[in-house]
Ligand SMILES: Cc1cc2nc3c(=O)[nH]c(=O)nc-3n(C[C@H](O)[C@H](O)[C@H](O)COP(=O)(O)OP(=O)(O)OC[C@H]3O[C@@H](n4cnc5c(N)ncnc54)[C@H](O)[C@@H]3O)c2cc1C
């Protein structure tokens, strides 16, 4: 394994780092407090290429690799994990399926404007009864002439309230279980579509999360992504790659909490010395650093496997599982290092702690990641 970064990888990481520290970080606490959607920041990121890092240049992206994407996302999430959520949804959940399965017309109409965030996309898989059990889709799409008529509901959809289009998973065959699921590109201007109010959340509060409803929505056949019955395969393929992004998000949150802790430990005096001089505090900082580095290496390893066209689903699940648990552990310790001040909104660590939790839940909970890892372990020949 070689993690010597290329010039391009360093350049993309540094672009993200600079933008994140100069533009995003100063506004992060305000966005968290007000739950204001950071539209202007996201559009600027679109102009910089950060919303479509791995999308080929011919479709408007910057055509870089997954390692570059993970590095850039870590930097953005270090500044604000809510902004990072939209960056990860756009780069990964929205653009990747269109790159792989979109027709030239679909790419022109949806992918190209999504790369610069001129059009906002969302990925709509989860339903009230279909969370971890994502194959239990009940949103129905019934074919009538050259249309699908869609009825149903989606739950907890990031960008759902601001999206111009959805990567929408629907059931086209009630009998065929996961093979009866298809994927549509759904224009949110279609009559019968509605988005609920933004959910009020523990963390990543500036991200928009909504329930969606579909009542007799007519979607042209030409808006189907790939063949009928391919939807579940598409959904899982996109999520496997997406998990590398959530791992990077978790690493970014943990790194931010760690850096804040080191700074605070050097400044805060107790018993006449900076608390960094107390061994118990040093132990906490050391444990944080080790876990973050391990999580980062797992993340970059999964990204590198993907870039080399090698199987990466298990590595992506391992990275997401370990990095998200790291983010929880490190942010908890970060509050401990800050003592009572860490519990207050005057310091950023309580936000990092709240933001970290989502990484153990979306794009597959930690339990689902363990299931994926175990499935891979058990299907391997014994040696
Ligand atoms: C802020 C936010 C943003 C989101 N954004 C999106 C989005 O953009 N698009 C989208 O489609 N979805 C999105 N989601 C949905 C998210 O992917 C689901 O919440 C997640 O997959 C878990 O589903 P659930 O909430 O229904 O929990 P459940 O599946 O009901 O799980 C509850 C608990 O049971 C456990 N569990 C369930 N089944 C098993 C099992 N077989 N074995 C062991 N344990 C099990 C889970 O691990 C968990 O601990 C978002 C969610 C949130 C909170």
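The values are calculated or read from the model by the stated rules, or taken from the named source; none is laboratory data. Note that the structure is predicted; figures quoted are calculated from it, not measured. Cβ placement follows ideal geometry from the backbone for every residue including glycine, while neighbour counts extend to all protein chains displayed.
Looking only at region 251-268, decide whether some residue is closer than 17 Å to residue 372 by Cα, in the same structural domain as residue 353 (by TED's automatic domain parsing), surrounded by 14 or more Cβ atoms within 10 Å (Cβ to Cβ) and at pLDDT 95 or above. No - not one qualifying residue is present in region 251-268.
If only one of 130, 141 is out of contact with any strand residue (DSSP E or B) (no Cβ under 6 Å at 6 or more places or on another chain), surrounded by 16 or more Cβ atoms within 10 Å (Cβ to Cβ) and either more than 23 Å from residue 367 (Cβ to Cβ) or in the same structural domain as residue 207 (by TED's automatic domain parsing) (or both), which one is it? It would help to see each step written out before you state the result.
Working: 141 fails: out of contact with any strand residue (DSSP E or B) (no Cβ under 6 Å at 6 or more places or on another chain).
After applying the criteria, what remains is 130.
Condition check ((1) within 14 Å of the ligand (Cβ to nearest atom); (2) outside any strand (DSSP E or B); (3) at pLDDT below 95; (4) assigned by TED's automatic domain parsing to the domain that holds residue 108) across all residues:
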{"position": "175", "(1), (2), (3), (4)": "no, yes, yes, no"}
{"position": "204", "(1), (2), (3), (4)": "yes, yes, no, no"}
{"position": "210", "(1), (2), (3), (4)": "yes, no, no, no"}
{"position": "213", "(1), (2), (3), (4)": "no, no, no, no"}
{"position": "217", "(1), (2), (3), (4)": "no, no, no, no"}
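Do we find a residue being within 16 Å of the ligand (Cβ to nearest atom), assigned to a loop (DSSP other than H, G, I, E, B), touching a helix residue (DSSP H, G or I) at 6+ places or on another chain (Cβ under 7 Å) and on the phi < 0 side of the Ramachandran plot anywhere in region 133-142? Yes: region 133-142 contains one or more residues that are within 16 Å of the ligand (Cβ to nearest atom), assigned to a loop (DSSP other than H, G, I, E, B), touching a helix residue (DSSP H, G or I) at 6+ places or on another chain (Cβ under 7 Å) and on the phi < 0 side of the Ramachandran plot.
Among the residues making up region 6-32, those that are free of Cβ contacts under 8 Å to residues at least 24 places away in the same chain and assigned to a helix (DSSP H, G or I) are 7, 10, 11, 14, 18, 22, 23, 26, 30. Pairs meeting the criteria (first residue in region 48-66 and assigned by TED's automatic domain parsing to the domain that holds residue 311, second residue surrounded by fewer than 21 Cβ atoms within 10 Å (Cβ to Cβ), beta carbons under 9 Å, at least 6 apart or on different chains) are lacking. Among the residues of region 337-364, those that are over 13 Å from residue 81 (Cα atoms) and either within 13 Å of the ligand (Cβ to nearest atom) or in the same structural domain as residue 127 (by TED's automatic domain parsing) (or both) comprise 360, 361, 362, 363, 364.
Checking the condition outside any helix (DSSP H, G or I), modelled with pLDDT of 95 or more and crowded, with 16+ Cβ neighbours inside 10 Å, which residue from 325, 228 passes? Lay out the reasoning, then the answer.
Details: 325 fails: outside any helix (DSSP H, G or I).
Only one candidate qualifies: 228.
Candidates 331, 299: the one that is more than 16 Å from the chain's Cα centre (by Cα) and closer than 21 Å to residue 79 by Cβ is 331.
Can you name the residue in region 334-383 that is closer than 19 Å to residue 245 by Cβ and not in a helix (DSSP H, G or I) and is also farthest from the chain's Cα centre (by Cα) among such residues? Before you say what the answer is, go through the steps one by one.
First, the residues of region 334-383 that are closer than 19 Å to residue 245 by Cβ: 352, 355-366, 368-369, 372-373.
Within this subset, residues satisfying the condition of being not in a helix (DSSP H, G or I) are 361-365.
Working: 361: 11, 362: 8, 363: 7, 364: 11, 365: 13 Å.
Ranking the qualifying residues of region 334-383, first place goes to 365.
Restricting attention to region 186-194, does a residue exist that is assigned to a loop (DSSP other than H, G, I, E, B), out of contact with any helix residue (DSSP H, G or I) (no Cβ under 7 Å at 6 or more places or on another chain), within 16 Å of the ligand (Cβ to nearest atom) and over 24 Å from residue 107 (Cβ atoms)? No - not one qualifying residue is present in region 186-194.
Within this structure, residue 162 passes the test of being more than 10 Å from the ligand (Cβ to nearest atom) and either under 21 Å from the mean Cα position of the chain (by Cα) or in the same structural domain as residue 345 (by TED's automatic domain parsing) (or both). Residues that are free of Cβ contacts under 8 Å to residues at least 60 places away in the same chain and either crowded, with 20+ Cβ neighbours inside 10 Å or touching a strand residue (DSSP E or B) at 6+ places or on another chain (Cβ under 7 Å) (or both) within region 352-374 comprise 360, 372, listed in sequence order. Taken across region 297-312, residues that are part of a helix (DSSP H, G or I), free of Cβ contacts under 8 Å to residues at least 40 places away in the same chain, more than 15 Å from the ligand (Cβ to nearest atom) and touching a helix residue (DSSP H, G or I) at 6+ places or on another chain (Cβ under 6 Å) do occur, with at least one present.
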